[in-house]
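Notes to accompany the following structure.
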Amino acid sequence: MPYLHVHTNIEVADSAGLLRVLSAEAAAALGKPERYVMVEISDAKPMLFAGSDAPLAFVELKSLGLTSDRTAALSQRLCALLSRETGLDPARIYIEFAAPEAAMFGWDGGTF
């Protein structure tokens, strides 16, 4: 059930292409089948970081079973991908990691 949401103040020219890249990367990084991965991009949003509207991103990554010992590597991987694909400075990217309980996440008429 991984869910990856990128909020950014830049306009993403090829959002469909970036969605595909993010989906494949999230699946690989988490070791989960891509068929369960959901990705969303909210671009061209009015946002500030450190009082500046310079290019930035806030990323949410939710995944069942995600543990804190994996978040540093995931942060490095996601920041590198976003920097490579969009030109964002990794120092202007925040990432929120969350690991909901399986019973608190619904899918296909039930829960995990």
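Just a few scattered comments:
- If you go through the range 37-74 and keep only what is assigned to a helix (DSSP H, G or I) and either touching a Leu at 6+ places or on another chain (Cβ under 9 Å) or among the hydrophobic types (A, V, I, L, M, F, W, C) (or both), you end up with ARG70, THR71, ALA72, ALA73, LEU74.
- Verdict on ALA24 being touching a residue at least 24 places away in the same chain (Cβ under 8 Å), open to solvent by less than 60 Å² (accessible area, probe 1.4 Å) and not in a strand (DSSP E or B): no
- Test for THR8: is it polar (S, T, N, Q) and open to solvent by less than 20 Å² (accessible area, probe 1.4 Å): yes
- In this entry, LEU4 passes the filter for residues that are within 14 Å of ILE95 (Cα to Cα) and either in a loop (DSSP other than H, G, I, E, B) or under 13 Å from the mean Cα position of the chain (by Cα) (or both).
- LEU82 being assigned to a helix (DSSP H, G or I), at negative phi, under 16 Å from the mean Cα position of the chain (by Cα) and touching a residue at least 40 places away in the same chain (Cβ under 8 Å): yes
- Any chance LEU30 is open to solvent by less than 40 Å² (accessible area, probe 1.4 Å), modelled with pLDDT of 95 or more and farther than 23 Å from GLY106 by Cα: no
- Selection of the range 69-104 for residues being touching a strand residue (DSSP E or B) at 6+ places or on another chain (Cβ under 8 Å), open to solvent by 50 Å² or more (accessible area, probe 1.4 Å) and either hydroxyl-bearing (Ser, Thr, Tyr) or under 18 Å from LEU22 (Cα atoms) (or both) yields TYR94, GLU96, PHE97.
- When VAL37 is tested against the conditions (1) β-branched (Val, Ile, Thr); (2) under 13 Å from LEU22 (Cα atoms); (3) open to solvent by 60 Å² or more (accessible area, probe 1.4 Å), the lone failure is (3).
- Residue among PHE58, PHE49 that is among the aromatic types (Phe, Trp, Tyr), at negative phi, open to solvent by less than 50 Å² (accessible area, probe 1.4 Å) and touching a residue at least 40 places away in the same chain (Cβ under 8 Å): PHE49
The values are calculated or read from the model by the stated rules, or taken from the named source; none is laboratory data. Just so you know, these numbers come straight off a predicted model, no measurement behind them. All Cβ positions, glycine included, derive from the backbone under ideal geometry; neighbour counts span all protein chains shown. SASA here: full protein model, heavy atoms, side chains in, ligands and nucleic acids out. Shrake-Rupley method; radii C 1.70, N 1.55, O 1.52, S 1.80 Å.
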